[in-house]
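The values are calculated or read from the model by the stated rules, or taken from the named source; none is laboratory data. The structure presented is a predicted model; accordingly, all values stated were derived computationally and were not measured. Neighbour counts are summed over all protein chains in view; Cβ atoms, including those assigned to glycine, are modelled from backbone coordinates with ideal geometry. Only protein heavy atoms, including side chains, enter the accessible area calculation; ligands, DNA and RNA are left aside. Shrake-Rupley method; radii C 1.70, N 1.55, O 1.52, S 1.80 Å.
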Amino acid sequence: MPPPPREAPKPPKRVDAVPGTPFGVVHLDVPAVTSGPAVGSLVAGVVSILVSVLVVCFGVVAARYGGAWAAGAFTVPGVLAGAAAIVAGLLARRQIGRAAPPPAVRFTGRGLATAGISCGATGLLLCLAGLGLALLLQFG
């Protein structure tokens with residue numbers, strides 16, 4: 001099997017001659033990079049939503065058998081994951097929105113950060129609502 005064809009080298013963005021020498025300074029185009037905090041925000045937000053499903057399941061299904069304790073135990077990591085998703089999403093949006101001079105790396109992933117913030121907030125609220133429902137069913 002032949003090796004895959006190599007990509008053609010990209011031409012430089014700009015070449016500036018250095019006066020008095022036969023040399024020049026080459027400015028290459030730096031590709032954009034997906035923001036790490038944006039990806040982390042989305043992952044933490046999805047985890048928060050999944051944990052909130054556990055909170056609701058333990059609170060509703062096992063209400064007779066002390067399900068509020070289990071729901072409360074799962075609420076803590078769900079709320080922490082939701083808060084982490086919100087904070088990481090806001091940091092990612094700041095990182096992406098920051099203007100950088102041309103040789104610096106540009107960051108992308110604004111949609112990932114926004115999705116992470118909304119998933120984190122949804123998971124956080126669902127965890128708290130599930131805990132409230134579990135307490136209401138067990139003690140109400």
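Just one of 113, 129, 104 is among the hydrophobic types (A, V, I, L, M, F, W, C) and under 10 Å from the mean Cα position of the chain (by Cα); which is it?
After ruling out the rest, the residue left standing is 113.
Could you check region 58-71 and list, in sequence order, the residues that are open to solvent by 20 Å² or more (accessible area, probe 1.4 Å) and in a helix (DSSP H, G or I)?
Of everything in region 58-71, those that are open to solvent by 20 Å² or more (accessible area, probe 1.4 Å) and in a helix (DSSP H, G or I) turn out to be 58, 60, 61, 69, 70.
Specify which of the listed residues (25, 43, 55) is open to solvent by 60 Å² or more (accessible area, probe 1.4 Å) and in contact (Cβ under 8 Å) with a residue 60 or more places away in the chain.
Of 25, 43, 55, the one residue that is open to solvent by 60 Å² or more (accessible area, probe 1.4 Å) and in contact (Cβ under 8 Å) with a residue 60 or more places away in the chain is 43.
Could you please find all residues in region 94-133 being among the small types (Gly, Ala, Ser), within 13 Å of residue 35 (Cβ to Cβ), surrounded by fewer than 20 Cβ atoms within 10 Å (Cβ to Cβ) and at pLDDT 95 or above?
111, 115
Among the listed residues 108, 114, 75, 34, identify the single one that is closer than 30 Å to residue 12 by Cα, of a type in the set (Ser, Thr, Tyr) and touching a Gly at 6+ places or on another chain (Cβ under 8 Å). Let's see the steps before the verdict.
Working: 108 fails: touching a Gly at 6+ places or on another chain (Cβ under 8 Å); 114 fails: closer than 30 Å to residue 12 by Cα; 75 fails: closer than 30 Å to residue 12 by Cα.
Step by step, each of 108, 114, 75, 34 is checked, and only 34 is closer than 30 Å to residue 12 by Cα, of a type in the set (Ser, Thr, Tyr) and touching a Gly at 6+ places or on another chain (Cβ under 8 Å).
Looking only at region 72-89, decide whether some residue is modelled with pLDDT under 95 and open to solvent by less than 70 Å² (accessible area, probe 1.4 Å).
Among the residues of region 72-89, at least one is modelled with pLDDT under 95 and open to solvent by less than 70 Å² (accessible area, probe 1.4 Å), which makes the answer yes.
Is it the case that region 100-109 has a residue that's outside any loop (DSSP other than H, G, I, E, B) and under 12 Å from residue 52 (Cα atoms)?
No, that holds for no residue.
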